[in-house]
Amino acid sequence: RTSNQGAKDFQYIKVQNGEFLYTTVGEKLQQLAQQYMGECGFSSIGGVVGCTNNEEGIQLRNRIKNLFLLIPGYGAQGGGARDVVPYLINGNGGVVNSSRGIITAYKNDPSNPSDFADAARKAVIKMRDEIWGELT
């Protein structure tokens with residue numbers, strides 16, 4: 001279940017078993033994942049689950065426990081550290097994505113708006129610290 005506005009156009013289509021398409025895709029990926037398990041309990045097969053619709057996302061995460069996740073929706077799309085934590089398993093199992101929050105961070109740093117790299121670095125550290133704060 002992705003976090004983009006158009007997700008509902010495809011992911012909420014009901015398939016033959018009456019479930020939503022995104023649920024069926026998740027379950028199929030979980031089945032495939034069993035063939036490619038790594039030492040840490042995660043598969044080399046992954047999925048994308050946005051952190052902006054927690055009720056559905058958490059239900060899906062509970063069905064796809066062995067998939068490593070890309071977790072979009074943090075920052076500009078409305079997700080925060082508290083929203084991300086349920087998608088991680090013991091603080092692991094996912095990469096949180098905040099593209100706009102990082103690549104446009106220089107616009108929010110009035111001390112030196114021309115230093116793109118430093119502003120991006122600060123944004124990443126802030127995001128990491130916020131997530132870590134919710135995990136501990």
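The values are calculated or read from the model by the stated rules, or taken from the named source; none is laboratory data. Small disclaimer: the values here were computed from a predicted structure and weren't measured. Cβ coordinates were reconstructed from backbone atoms using ideal geometry, including for glycine residues, and neighbour counts include every protein chain displayed.
Could you please let me know if residue 73 is within 23 Å of residue 24 (Cα to Cα), touching a Ser or Thr at 6+ places or on another chain (Cβ under 9 Å) and either surrounded by fewer than 20 Cβ atoms within 10 Å (Cβ to Cβ) or not acidic (Asp, Glu) (or both)?
yes
So, in the range 16-48, how many residues would count as being under 17 Å from residue 90 (Cβ atoms) and touching a Gly at 6+ places or on another chain (Cβ under 7 Å)?
Residues meeting the conditions: 1.
Checking the conditions here, which among 129, 115, 109 is out of contact with any Pro (no Cβ under 9 Å at 6 or more places or on another chain), modelled with pLDDT of 95 or more and acidic (Asp, Glu)?
None of the others qualify; the one that does is 129.
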